1. So, PRO74, is that one more than 16 Å from the chain's Cα centre (by Cα) and part of a strand (DSSP E or B) or not?
2. Can you name every residue in the range 43-83 that is crowded, with 17+ Cβ neighbours inside 10 Å, within 23 Å of TYR149 (Cβ to Cβ) and among the aliphatic types (A, V, I, L, M)?
3. Hey, VAL117 hits all of (1) aliphatic (A, V, I, L, M); (2) part of a loop (DSSP other than H, G, I, E, B); (3) within 20 Å of PRO188 (Cβ to Cβ) but one; which does it fall short on?
4. I'd like the full set of residues that are free of Cβ contacts under 8 Å to residues at least 12 places away in the same chain and either under 22 Å from GLY172 (Cα atoms) or surrounded by 24 or more Cβ atoms within 10 Å (Cβ to Cβ) (or both), limited to the range 92-121.
5. Of the residues ALA173, ALA184, which single one is over 19 Å from the mean Cα position of the chain (by Cα), aliphatic (A, V, I, L, M), surrounded by 18 or more Cβ atoms within 10 Å (Cβ to Cβ) and over 16 Å from ILE24 (Cα atoms)?
6. Would you confirm whether or not the range 129-141 contains a residue that is closer than 22 Å to GLY98 by Cα, modelled with pLDDT of 95 or more and surrounded by 14 or more Cβ atoms within 10 Å (Cβ to Cβ)?
Amino acid sequence: MRQLVVVAIALSLFATGAAASDLIITGVIDGPLSGGVPKAIEVCACADIADLSIYGLGSANNGGGSDGEEFTFPADSAVEGQFIYVSNEDVQFQAFFGFAPDYIDYASTSINGDDAVELFMNGVVVDVFGDINVDGTGEPWEHLDGWAYRVDETGPDGATFIEANWSFSGPGALDGETTNATAAVPFPLGTYLCVSASPVESTTWGVVKSLYR
């Protein structure tokens, strides 16, 4: 009976963990081309996602707090390990990276190196880059004419920015560059590695296995 109770609790925890976001913010860039482009957000699907429309993005500018969900993904699907790019335009994005962005949205990608980005799932913030209540100018996460990229196997972080989960090019790192491929400090495009199993999954499986040692 004790084993059945513990297994039931473990399965309940697993079900709760399954509701966590499978989409994660993995990178932001404030480009060096005329007009400060490309401005873009990279997200990664860490599991197959049948309907991306449960997710959306929003930028929080100049420490002014959340502007809410400004872009909602269409009802497309994504496969595990797929990187998705949302940019404020497509021509200069393609010139800089050599391929077109997946989606274009001006409001959510109006980031100038000192702005935060929020990822929403069913209207709730599930991941964030930057502090939405702080102007990033002079902060460690400032990326004017540069970029920030998530550390492997971290996130999603909920509504609280965890600076240690990110690496930064530093302001001005892309100044004078014309393409990412030739940049001295290139945006680490599509290099994030997802966690192989969530903490809840790992803990749950550990509890179940311990019953049969």
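1. no
2. Across the range 43-83, the qualifying residues are VAL43, ALA45, ILE49, LEU52, LEU57, ALA60, ALA78.
3. Going through the list (1) aliphatic (A, V, I, L, M); (2) part of a loop (DSSP other than H, G, I, E, B); (3) within 20 Å of PRO188 (Cβ to Cβ), VAL117 breaks only (2).
4. Listed by number, the list holds a single entry, GLN94.
5. Criteria check complete, one pass: ALA173.
6. no
The values are calculated or read from the model by the stated rules, or taken from the named source; none is laboratory data. The shown structure was predicted, so the numbers you read here are calculated from the model rather than taken from an experiment. Counting neighbours? That spans all protein chains shown, and the Cβs are built from the backbone with ideal geometry, glycine included.
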